[in-house]
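Every read-out reported here was derived from the displayed coordinates using simple, explicitly stated rules and does not represent laboratory data. These figures come from a predicted structure and were not determined experimentally. Backbone-built Cβ (ideal geometry, glycine too); neighbour counts: all protein chains shown.
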Amino acid sequence: MSPPSITDLDDLGLDQGGHLLLHRAVSRAAPGQVVEVRGRAPQLRVHLAAWCRSEGHDVEMAEGPGPVAGWIRPGRATGARWHGAERSGPELAERAPTRWGLAARGATVEAGGVEFPFPLNDRAVVWTDAAPAIYRQAAAAQWDPATAVDWSAPVELDDDVEAAVIQVMTYLVENENAALAVPARFLGRIHPHFREVVAVLAVQVADEARHVEVFTRRAELRGRPLGLSTVGGQASLLTLLEEPDFAVAHFLLSVLGEGTFLHLLSFLERHAPDPVTARVCHLALADEARHVAFGMAHLAAVLEADAGLRPRLAAAIHERHDALAQTAGLNREVFDALVVLAAGSWAPAALAEGFRRVQELSAEMDEGRRRRLVKLGYHPEEAAALSSLHTRNFM
């Protein structure tokens, strides 16, 4: 039997913080060692007996007056909250148990707690090693719409050109609403053990919220009403929101849709008729490039773990194409607006050049989709066929 460990509480009662000294002493006691408790607080003996019962320790109370209140014999329940507990990291788990809940990765999770229904808890489904670096880049690249854009810059456009800008901005807003809603749907389903992936998607949602703001502000800059939202465009975006599978939704949105939008935003920045339009497209383009980079990294990692996913992704493209076969795709108003912006004037020759540039844009979009699909392991011929089936609404 080891000599007793002596803890002197002096005048400190257990209801005043003295329990911290007892916890400290008991946790440091050697196996079989008794902790002698001393103190002068009036209710010390009453509180000591109650505390030992609640903590699962045996206690022998001292008799008669004196500084010694009793002797604690740490029971089997010493550190009861740690008994049966498990570490939730710091290394990544292949599958994060639902009982880890909202605990920080690396924390010791007490046994017997509630379980949280995070259905996306498999590392192979949600993780990419690129997530931490992409999150750091995303956090550092945040910008404020109020200061990143000079909203006082002169915008003196012909009414018809202004109408073209407004129509394009209206179209961008509804597509960015979809790009916001899709990752938002999955945020609460991913286990927080994979916090960097959650963080990347959270920043992505914030990015899209900013895009909606700046595109709306540009559309409303001269006090005119927004443009047309079509049935075909809405139907195309609904298929994204309804996709229940995380990998498939991420593929359709980030790799195909936002990948295609990289070319569109670059085109709009290049042919913008005013500095505000050019600036908002430039800022959004930088964010979207990061979204596509994360989508590609995530899909590459998931495909490496599950080769059977590749045909499912291809099937999703076919299914979406079939579901939208009866819709008009990109509405005429947006197409014509792009031609006007690319033309730069109403001269017949300029409009012909604008039309050619929009056709060239479509070809660039197709080539970009092909390259990304090949990088994800599709044969070039299959990539070309799948790219041709992508929604004519671009997103």
Please tell me the relative contact order of the chain in percent, rounded to the nearest whole number, where contacts are Cα pairs under 8 Å and at least six residues apart. 14
Span-like helix ranges in the chain, DSSP H, alpha carbon extent 20 angstrom or more, Kyte mean at least -0.5: 159-187, 195-219, 275-305
Taking the Cβ-Cβ separation of Asp306 and Arg222 as r and a Förster radius of 51 Å, what is the calculated FRET efficiency to the nearest 0.05? 0.50
Is region 128-215 rounded, prolate or oblate when judged by the Cα gyration tensor, a ≥ b ≥ c being the square roots of its eigenvalues, rounded requiring a/c under 1.5 and prolate requiring a/b larger than b/c? prolate
What ranking do 370-382, 291-303 get when scored by the average of other Cβ atoms within 10 Å per residue, highest first? 291-303, 370-382
Computed [θ] at 222 nm, helices only, for the chain once each DSSP H run of length n ≥ 4 contributes -39500 (n - 2.57): -18000 deg cm²/dmol
Ranked from highest to lowest mean number of other Cβ atoms within 10 Å per residue, what is the order of the peptides 5-12, 145-152? 5-12, 145-152
Please give the FRET efficiency for Ala385 paired with Leu92, using the beta carbon to beta carbon distance and R0 = 41 Å, rounded to the nearest 0.05. 0.65
For region 60-72, in order, what is each residue's ³J(HN,Hα) by Karplus, 6.51 cos²θ - 1.76 cosθ + 1.60 with θ = phi - 60°, in whole Hz (x at glycine and Pro)? 10, 7, 6, 9, x, x, x, x, 7, 8, x, 10, 8
Please give the contour-minus-distance gain from Gln43 to Ser2: 0.36 nm per residue of separation, less the Cα-Cα distance, rounded to one decimal in nm. 11.9 nm
Find how much the distance from Ala107 to Glu353 grows on full extension, using 0.36 nm per residue of separation minus their present alpha carbon separation; answer in nm with one decimal. 82.4 nm
Sorted by chain and number, the residues with a modelled amide H under 5 Å from that of Ala69, at a separation of 5 or more or across chains, are Val37, Arg38, Gly39
Please check which bits of region 219-238 a label hung off Ala181 would reach, taking the label as a point 7 Å along Cα-to-C-beta and the cut-off as backbone N under 14 Å. 230-238
Quick note, region 5-73: a/c under 1.5 would make it rounded; otherwise a/b > b/c is prolate and the rest oblate (a ≥ b ≥ c, C-alpha gyration tensor); here it is rounded
Applying a 10 Å radius around every beta-carbon, put 250-259, 353-362, 118-127, 203-212 in order of their mean neighbour count, most first. 250-259, 203-212, 118-127, 353-362
Can you figure out the FRET efficiency of Ala148 with Arg99, using R₀ = 56 Å and their beta-carbon distance, to the nearest 0.05? 0.80
Give me, ordered by chain and number, the residues 5 or more places off Asp58 or on other chains with an amide H under 5 Å from its own placed amide H. Arg73, Gly75
Where Rh denotes the Kirkwood radius from the mean inverse Cα pair distance, what is Rg over Rh for the chain? 1.24
Given Cα pairs under 8 Å that are at least 6 residues apart, what percent is the relative contact order of region 1-122? 20
